[in-house]
1. Show me the strands (runs of 3 or more DSSP E) found entirely inside region 79-187 where at least 2 residues are buried (at least 22 other Cβ atoms within 10 Å of the Cβ).
2. Run residue 191 past the list (1) over 29 Å from residue 269 (Cβ atoms); (2) under 19 Å from the mean Cα position of the chain (by Cα); (3) surrounded by fewer than 16 Cβ atoms within 10 Å (Cβ to Cβ) and report the number of the one that doesn't hold.
3. Answer with yes or no whether residue 70 is within 23 Å of residue 182 (Cα to Cα), assigned to a strand (DSSP E or B) and within 21 Å of the chain's Cα centre (by Cα).
4. Would you confirm whether or not region 229-242 contains a residue that is over 21 Å from residue 154 (Cα atoms) and over 10 Å from the mean Cα position of the chain (by Cα)?
5. Of all the residues that make up region 49-67, how many are touching a residue at least 40 places away in the same chain (Cβ under 8 Å), surrounded by 14 or more Cβ atoms within 10 Å (Cβ to Cβ) and part of a loop (DSSP other than H, G, I, E, B)?
6. If I filter region 120-134 for residues that are in contact (Cβ under 8 Å) with a residue 60 or more places away in the chain and under 19 Å from the mean Cα position of the chain (by Cα), do I get at least one hit?
7. Does region 14-27 include one or more residues that are in contact with a strand residue (DSSP E or B) (Cβ under 9 Å, 6 or more places away or on another chain), modelled with pLDDT under 95 and within 19 Å of residue 267 (Cα to Cα)?
């Protein structure tokens with residue numbers, strides 16, 4: 001083997017090593033969101049499916065924003081296998097599983113704790129979060145920090161100075177209280193600036209977006225590998241990826257024909273991504289995306 005051939009091989013190895021070490025951080029989205037690996041049509045009762053969480057590799061739990069019912073959906077059988085009533089009808093938006101306890105978020109910030117959710121002997125408690133935002137939709141169990149993350153869809157609080165501010169709050173599972181300050185605050189103005197300075201992202205948005213990004217979080221989850229924070233904004237047909245300090249790293253445009261109203265997001269342990277969509281004038285759907293190595 002010549003010296004030039006050896007040099008070429010070494011360069012190729014170093015290039016691949018660089019991509020493996022840094023590529024996933026530079027390009028945090030490891031999914032082809034334009035081409036789902038599977039499109040599942042959900043039953044009519046989930047027409048307004050609004051929250052999603054993983055039970056195990058075969059089952060997801062979800063809610064819809066009218067009834068106080070936890071639905072267990074089996075991914076292999078493609079059907080609902082259990083319905084657990086936990087409260088009267090209301091505007092339920094987020095759901096998260098902690099052990100054998102299910103937490104459900106109502107849009108006004110009330111949290112429902114449903115112990116032994118799948119048992120006839122389940123017990124329900126309510127917690128007032130005292131979050132000042134009037135509309136809250138995202139809920140996720142952050143296991144590493146023993147907390148629930150609550151993403152507010154509306155402004156952090158009242159006042160002109162908060163017009164562009166959205167907060168992600170931390171509900172401590174030990175004290176059962178929301179921390180006084182947000183886990184992080186997200187600025188819609190900065191998000192628009194980020195998009196304006198990313199040519200490929202801007203071009204994707206300019207085809208469908210006639211106004212600025214509003215950034216109204218509808219769902220939140222943390223990626224099992226990268227630990228990045230994924231936030232959906234159904235209103236903007238967008239997926240946003242942040243680091244765990246709330247710094248924006250990537251924005252992905254979602255095709256309206258696929259994501260008519262993206263309200264739920266969840267990851268399996270192997271990185272498989274599921275996004276649920278309310279029906280609107282179509283059928284409600286569950287989209288599966290395999291993790292790209």
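1. Working: elements: 79-85, 92-98, 101-106, 110-115, 123-128, 136-142, 147-152, 165-172, 184-187.
Where strands (runs of 3 or more DSSP E) fall fully within region 79-187 and carry at least 2 residues being buried (at least 22 other Cβ atoms within 10 Å of the Cβ), they are 92-98, 101-106, 110-115, 136-142, 147-152, 165-172.
2. Of (1) over 29 Å from residue 269 (Cβ atoms); (2) under 19 Å from the mean Cα position of the chain (by Cα); (3) surrounded by fewer than 16 Cβ atoms within 10 Å (Cβ to Cβ), only one is false for residue 191: (3).
3. Against the criterion (within 23 Å of residue 182 (Cα to Cα), assigned to a strand (DSSP E or B) and within 21 Å of the chain's Cα centre (by Cα)), residue 70 does not qualify.
4. No, region 229-242 contains no residue that is over 21 Å from residue 154 (Cα atoms) and over 10 Å from the mean Cα position of the chain (by Cα).
5. Number satisfying all stated conditions: 1.
6. Checked region 120-134: no residue is in contact (Cβ under 8 Å) with a residue 60 or more places away in the chain and under 19 Å from the mean Cα position of the chain (by Cα).
7. Yes, region 14-27 contains at least one residue that is in contact with a strand residue (DSSP E or B) (Cβ under 9 Å, 6 or more places away or on another chain), modelled with pLDDT under 95 and within 19 Å of residue 267 (Cα to Cα).
The rows are residues; the columns are (1) farther than 25 Å from residue 275 by Cβ; (2) at pLDDT 95 or above.
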| position | (1), (2) |
| --- | --- |
| 113 | yes, yes |
| 116 | yes, yes |
| 120 | yes, no |
| 132 | yes, no |
| 138 | no, yes |
| 149 | no, yes |
| 174 | yes, yes |
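The values are calculated or read from the model by the stated rules, or taken from the named source; none is laboratory data. Fair warning: this is a prediction, and the values are worked out from it, not measured in the lab. Every residue, glycine among them, receives a Cβ derived from its backbone with ideal geometry; neighbour counts consider all protein chains shown.
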